[in-house]
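Single-structure report; data block below.
None of the figures in this text is laboratory data; all of them are computed from the coordinates on show. This is a predicted model, so every value here is computed, not measured. Because the Cβ atoms are built from the backbone with ideal geometry, glycine has one as well, and the counts that use them run over all protein chains shown.
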Amino acid sequence: MAENSHVDLGFVEKTDPEKLTCQQFPSKVGGKPAWLSLSPLPSPDQLSCPKCNAVCVFLLQVYAPVDDDDNAFHRTVFVFLCKNPECHQLNSSVPFIVLRSQLPRVNDFYSPEPPTPATPVPIKGDKLCVVCGSVGPKCCSKCHSRSYCCKEHQTIDWKGGHKQNCSDTQEDRCSERSKVLFQEYELLIEEEAFQKEEEKSEAEKKQELQSFLKSDKASSLLQECPPEDMEKMSNQSEDKVFLKFRKRVGHAPDQVLRYDRGGCALLVSEDNKPDNIPDCSCGAKREFEFQVMPQLLCHLGVDRVGASIDWGTLCVYTCSANCDTGNQYQQEYLWKQDYSK
């Protein structure tokens, strides 16, 4: 019998980009961020990697309004990361940035009525970098029509086509943009349902794990992922936490996100469990909201020899009081857990 787990799962799907613009309040992966509050946007300094100072790139956003909070009629949590593989170290959350934005129903940017496919893009808001979609305080000194978050992205745009089309104020093409952004997907949310089973012995669990890793389902779970990731998972046979993770994920192996605000993360290892989560700047405790699953890596195209962007799971914690900062973006917290060595 299927059992309601009160956890929502996220799955990626290609869709019409028009469905993923800000006025549609999407949950999405990759592409440019569909900002909720359109001004003031986070500054380039707020989105800079603490290790290399490069501007962090949009990874995903989850639209998660709070029913009993009038100030969070609209609410979205954003995750950014540095694309420099050398900045990604074992169990280190340093190259990740999490931001929360929320607005009341009556706000400075959107109609209080539900959006339709014909709802226009808001005209208010800060200028955006044409390459990555972050705030663009810089502009082309020649045509003054294109904005950038940093000199690096201005150079990318110039070499990617703007040099030949600088006088075309409607031109918005950049052949090099795909090297900066992740491929864009809609993030579809579905309630988790799984089969409740009797508890198995440790010997049965070990045997089940080895059988699973040789199965077609395991191949589907880690499709396009490097062999070393499969080896990491094989080495977890003595890890009870990983066995629980593997069993639960096996019911929906292509899930890329688990949402359970106020609940608990599904961890991948006995080691480096989340602890000492810092309080919000307002003084309230932070609580678990969602986690990004390792399956998402299969869709990002980040595999490479040597240093690489990798994780076991990314656990996002947000203010339990859901503090209201008006149109400002509030920084939240991410805990990265990798597989045991």
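Summary of computed values
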| read-out | value |
| --- | --- |
| Neighbour-count ranking [beta-carbon atoms within 10 angstrom, fewest first] of 208, 332 | 208, 332 |
| Cα→Cβ-extended label distance, 7 Å offset, between residue 275 and residue 327, nm | 4.4 nm |
| Exposure proxy order (Cβ contacts within 10 Å, fewest to most) of 148, 333 | 333, 148 |
| Linear extension gain, residue 248 paired with residue 53, 0.36 nm per residue minus alpha-carbon span | 66.4 nm |
| Sites residue 203 and residue 151 - FRET efficiency at Förster radius 45 Å, r taken between beta-carbons, to 0.05 | 0.15 |
| Modelled FRET efficiency - R0 35 Å, residue 189 with residue 159, Cβ distances, 0.05 increments | 0.35 |
| Efficiency of FRET from Cβ geometry, residue 86 and residue 108, R₀ 41 Å, rounded to 0.05 | 0.55 |
| Long pairs among 138/163; 19/159; 28/124; 28/214, criterion Cα-Cα beyond 26 Å | 19/159; 28/214 |
| Trypsin sites (Lys or Arg not before Pro) within region 6-114: DSSP coil, no more than 15 neighbouring Cβ in 10 Å | 14, 51, 105 |
